[in-house]
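Taking it in order: structure first as structure tokens, then the write-up.
Please treat every number below as a calculation from the coordinates, not as lab data. Quick caveat: nothing in here was measured; it's all calculated off a predicted structure. Positions of Cβ are generated from backbone atoms using ideal geometry, with glycine treated the same way; all protein chains shown enter the neighbour counts.
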Amino acid sequence: MNRADLAWQDKNLQEVSRTFALVIPQLPQPVCEVVGNAYLLCRIADIIEDEPDLSFERKRDFSERFIRVIEGHESGRRFADDLHPLLVSALPGERALVCDSERAVRIASGFNDIQRNAIHRCVGTMARGMVEFQRTATLDGLDDLSHLGRYCYHVAGVVGEMLTEIFCDHSPAIAARRDRLISLSVSFGQGLQMTNILKDLWDDRRRGACWLPKDIFRAAGFDLRSMRSLDEGVIPSADAKAGIDPSRTDPAFARGLQQLVVIACGHLEKALRFTLLIPKTEIGIRRFCLWALGMAVLTLRKIHSRLMRFSSARDVKISRLAVYTTVAITSVSARSDRVLEMLFDGLTRPLDALETAKAKPASG
């Protein structure tokens with residue numbers, strides 16, 4: 001990748017995701033360039049899915065066209081020219097990325113076959129999956145935990161598989177552990193995605209979607225269909241002023257959230273096992289994984305502490321100090337498996353303790 005393309009990629013990463021702009025540069029070259037490009041391509045697929053002014057049919061059409069673009073079967077310029085004017089809700093950085101999508105695709109075309117195929121499979125699976133799941137999205141939630149797992153695979157688990165293929169291509173020592181890494185990579189993605197789902201649950205409801213599994217809440221004594229959206233105009237005035245949906249103060253609803261926190265924590269434990277399989281000589285890849293893992297754990301802890309007291313993702317967003325602390329501690333400890341296991345155990349022990357709480361029957 002030439003300097004101009006690298007500078008363009010770095011600038012766009014800063015514009016569309018400060019978190020990934022922070023973690024991706026930890027990767028060794030040229031892995032950093034490949035993963036940075038892959039993230040931008042995935043982000044374009046996500047921008048299509050997020051645009052509320054596009055009908056399902058238009059989203060499906062643009063998603064299929066984008067897949068053809070990255071596979072070299074359609075003009076990236078024509079795709080961008082058609083999509084860009086329709087992006088009403090996208091942020092300026094997202095609109096600029098779509099406008100330059102042809103450049104992102106051109107950069108990807110210069111990667112080797114393994115890298116390019118991994119990216120194509122990931123973006124294709126993600127683009128088609130996100131649109132199909134949004135087509136059936138309702139405020140009633142997903143059918144069950146298995147349904148949630150399929151959703152998480154399409155939007156995050158496949159990214160874990162892609163990263164594993166790219167890491168294995170980079171290092172023979174990592175490739176020697178490929179099968180074990182692949183078996184854990186989907187859980188890595190699901191742990192991160194479940195954390196995002198819990199963090200964003202009220203924001204998603206305002207957009208007309210709920211990614212929570214009905215069976216988990218049913219077992220806790222709560223029916224997701226009984227939830228009232230903030231925009232239905234039926235929330236008591238005192239609660240409305242505080243931005244509080246009465247559902248979130250129901251102990252049964254809290255038990256359902258607790259159960260999902262525990263399940264997400266279990267997936268993040270597999271993410272740690274994935275990270276510890278990366279040779280200690282590959283310190284950059286370890287940092288990349290540890291920073292993402294650490295920030296997810298801290299977010300789960302914040303959600304756990306505010307189960308019935310948050311109304312948007314902003315309420316459970318971790319502070320910059322927490323981010324910097326995570327970066328510093330995991331960077332220093334990146335070569336010590338034992339220290340990393342102790343840190344993870346210490347941070348997640350309060351979350352594991354929820355196993356007792358979730359087993360309690362609904363009162364009344």
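Close amide H pairs (under 5 Å, H built 1.01 Å from N) link Leu142 with Leu212, Lys214, residues at least 5 positions away or on another chain. A simple count of charges around Ser63, restricted to other residues whose Cβ falls under 9 Å of its Cβ and scoring Lys, Arg +1 and Asp, Glu -1, yields +1.
To the nearest 500 deg cm²/dmol, what mean residue ellipticity at 222 nm is calculated for the chain from DSSP H runs of n ≥ 4 alone, each contributing -39,500 (n - 2.57), summed and divided by the residues?
-22000 deg cm²/dmol
Over segment 298-340, the fraction of Cα-Cα pairs per 5 Å bin, rounded to whole percents and listed from the shortest bin up, is 5, 22, 20, 17, 16, 11, 7, 2.
If you bin all the Cα-Cα distances of segment 1-40 at 5 Å, starting from zero, the percentages per bin are 6, 27, 41, 23, 4.
In summary, the convex hull built on the alpha carbon positions of segment 49-197 has an orientation-averaged projected area of 9.8 nm². For segment 1-136, dividing the convex hull volume of the Cα atoms by the residue count gives 100 Å³ per residue.
Ordered by the number of other Cβ atoms lying within 10 Å of each residue's own Cβ, fewest first, Ser311, Ser185 fall into the sequence Ser311, Ser185. Other residues within the sphere of radius under 12 Å centred on the Cβ of Thr330, judged by their own Cβ, net out at +3 (K and R +1, D and E -1). For segment 276-325, with equal point scatterers placed on the C-alpha atoms only and solvent neglected, what are the log10 I(q)/I(0) values from the Debye formula at q = 0.21 1/Å, to two decimals? The Cα Debye sum returns log10 ratios of -0.75. Remark: segment 325-330, residue by residue, has Karplus-estimated 3J(HN,Hα) of 5, 4, 4, 5, 5, 5 Hz, where x stands for each Gly or Pro and the curve is 6.51 cos²θ - 1.76 cosθ + 1.60 at θ = phi - 60°. Full extension of the chain between Ile182 and His73 gives 36.3 nm of extra length, using 0.36 nm per residue less the Cα-Cα distance. Kindly state, to the nearest 0.05, the FRET efficiency for Asp140 paired with Arg58, given R0 = 35 Å and r defined as their beta-carbon distance. Result of the calculation: an efficiency of 0.90. Residue pairs exceeding 28 angstrom between C-alpha atoms, taken from Lys270/Lys302; Lys11/Lys302; Lys59/Lys270; Lys280/Lys302: Lys11/Lys302; Lys59/Lys270; Lys280/Lys302.
For segment 250-310, what does the equivalent ellipsoid look like in terms of its semi-axes, each the square root of 5 times an eigenvalue of the Cα gyration tensor, given largest first in whole Å? In descending order the semi-axes read 30, 11, 5 Å.
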